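The values are calculated or read from the model by the stated rules, or taken from the named source; none is laboratory data. Owing to the predicted nature of the structure, the values given are computational and were not obtained by experimental measurement. Ideal geometry is used to build each Cβ from the backbone, glycine not excepted, and the neighbour counts take in all protein chains shown.
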Amino acid sequence: MWKKKSLFQILNNHAIDYPTPINFTYFNGYGFLLVLAFVIQIITGVFLAMHYAPHVDLAFASVEHIMRDVNNGWLMRYIHANGASFIFIFLYIHMARGLYYSSYTSPRHWLWITGVVIFLLSIITAFLGYVLPWGQMSFWAATVIINILGAIPVLGDPITELLWGGFAVDNATLNRFFSLHYLMPFVIVGLMGLHLILLHNAGSGNPLGIDSRTNNLPFYPYFVVKDFFGFFIYLAFFFAFVCFAPNYLGHTDNYIPANALVTPAHIVPEWYLLPFYAILRSIPDKLLGVIAMGVSIVGLIALPFLIPTKNIRSSMFKPLTRKLFWLFSANFIVLIWIGGQVAEEPYITIGQVATAFYMAYIFILLPLVTKLEVYLLSIGDQIN
């Protein structure tokens with residue numbers, strides 16, 4: 001009896017009576033969309049795993065079997081494939097909102113850190129899943145990316161052989177990637193639960209950047225209705241995409257069976273991994289490229305420790321930070337574009353400039369501009 005009451009209280013505190021800032025916008029609903037999108041991915045992934053054969057001789061044929069012979073298999077496969085793209089759209093918007101409103105500062109720094117870890121694990125999971133269809137792009141993307149890890153001193157070769165399960169991308173590699181791809185989403189969902197607990201312990205950030213404990217409404221029914229309205233809008237766009245343009249975000253070479261003797265003209269990962277692939281290619285040195293790619297993701301964890309805490313966090317009241325944020329967003333789109341281009345001039349130079357600005361924004365520009373605006377705000381407070 002006590003356990004049931006305790007569980008009810010937890011659900012009530014987190015999903016019903018949770019105090020939510022009254023001025024939440026639809027941009028605050030992307031966390032809710034991410035949870036539901038991940039649930040859809042897990043459901044469709046379990047269905048696909050029932051019919052998928054993780055063997056180099058059968059993997060490509062099993063995907064075609066799902067598409068052609070399994071009842072509604074084509075729908076499950078397209079929902080799963082395009083669902084990954086929509087998850088990363090939501091992730092990028094969700095993280096951009098966090099950057100804009102400085103949600104990484106205390107007391108929400110652990111919330112931001114767990115979010116970055118979820119983002120990193122999502123990237124790894126998406127890459128593992130990209131290999132499973134065992135098409136040309138799947139095989140060669142796995143070959144290139146795993147080979148790049150070999151540049152890590154001392155640990156590079158053992159990591160490469162561990163992932164390969166041998167000395168080349170082969171059947172053992174596919175089996176390992178399938179097992180990890182099936183496991184990782186459940187780890188991510190667990191981290192999402194921790195992320196939600198940290199959010200509710202610290203309190204949701206007010207879009208104005210002020211104390212979030214003022215001007216609140218209970219989460220249910222006001223914001224539940226708002227979030228589900230956004231979810232139904234998402235479903236409308238998502239299923240329009242699934243039904244009318246299911247292959248638009250994919251690569252045509254992945255509909256050719258993997259062939260170790262034929263290299264594709266241009267090896268690229270999925271679009272949502274292109275910014276980090278562009279950073280990797282922009283560095284001439286192989287090891288430095290791997291380090292830069294890792295820092296571009298993991299370096300986001302450093303933001304809470306680089307940026308000073310201030311009562312006014314929102315970029316709405318910090319014009320320099322706001323302009324810098326939009327420059328960073330435009331630069332990120334440039335990196336997506338560069339990642340899909342051939343490694344030749346002028347794309348190499350553009351990629352290097354965009355990579356330099358990405359790193360400078362995180363480690364130099366944003367901390368300096370924020371400190372400058374905090375100083376100016378303190379002078380304004382003294383004058384007033």
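Yes/no per residue for (1) within 23 Å of the chain's Cα centre (by Cα); (2) surrounded by fewer than 18 Cβ atoms within 10 Å (Cβ to Cβ):
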residue	(1), (2)
Asn259	no, yes
Glu270	yes, no
Pro275	yes, no
Val298	yes, yes
Ile301	yes, yes
Ser314	yes, no
Phe317	no, yes
Phe328	yes, no
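Within the range 234-258, take every residue that is touching a helix residue (DSSP H, G or I) at 6+ places or on another chain (Cβ under 6 Å) and in a loop (DSSP other than H, G, I, E, B) and give me the one that is nearest to Ile87 (Cα to Cα).
Leu249
Exactly one condition in (1) among the aliphatic types (A, V, I, L, M); (2) in contact with a Lys or Arg (Cβ under 9 Å, 6 or more places away or on another chain); (3) not in a helix (DSSP H, G or I) is not met by Leu198; state its number.
That leaves (3) as the condition not met.
Just name the residue that is nearest to the chain's Cα centre (by Cα) out of those in the range 230-257 that are of a type in the set (Gly, Ala, Ser) and within 19 Å of Leu75 (Cα to Cα). Spell out how you get there, then give the answer.
Taking the range 230-257 first, the residues of a type in the set (Gly, Ala, Ser) are 230, 236, 240, 245, 250.
Those still in the list that are within 19 Å of Leu75 (Cα to Cα) too: 236, 240, 245, 250.
Details: Ala236: 22, Ala240: 23, Ala245: 22, Gly250: 18 Å.
Among residues in the range 230-257 that are of a type in the set (Gly, Ala, Ser) and within 19 Å of Leu75 (Cα to Cα), the one nearest to the chain's Cα centre (by Cα) is Gly250.
If you take the residues in the range 336-350 that are touching a Leu at 6+ places or on another chain (Cβ under 7 Å) and in a helix (DSSP H, G or I), which one is nearest to Ile279 (Cα to Cα)?
Per the criteria, the residue is Gly339.
What are the residue pairs meeting all of these: first residue in the range 157-183, first residue under 20 Å from Ala49 (Cβ atoms), second residue charged (D, E, K, R) and not in a loop (DSSP other than H, G, I, E, B), Cβ atoms under 8 Å, and 6 or more apart or on different chains?
Gly165/Arg176
Just name the residue that is modelled with the highest pLDDT out of those in the range 4-47 that are among the hydroxyl-bearing types (Ser, Thr, Tyr) and within 30 Å of Gly73 (Cα to Cα).
Here the answer is Thr44.
Give me a count of the residues in the range 128-177 that are part of a loop (DSSP other than H, G, I, E, B), touching a helix residue (DSSP H, G or I) at 6+ places or on another chain (Cβ under 6 Å) and surrounded by fewer than 20 Cβ atoms within 10 Å (Cβ to Cβ).
Selection size over the range 128-177: 4.
Would you pick out the residues in the range 47-85 that are free of Cβ contacts under 8 Å to residues at least 12 places away in the same chain, in a helix (DSSP H, G or I), hydrophobic (A, V, I, L, M, F, W, C) and over 14 Å from Pro246 (Cβ atoms)?
Of everything in the range 47-85, just one residue is free of Cβ contacts under 8 Å to residues at least 12 places away in the same chain, in a helix (DSSP H, G or I), hydrophobic (A, V, I, L, M, F, W, C) and over 14 Å from Pro246 (Cβ atoms), namely Ala61.
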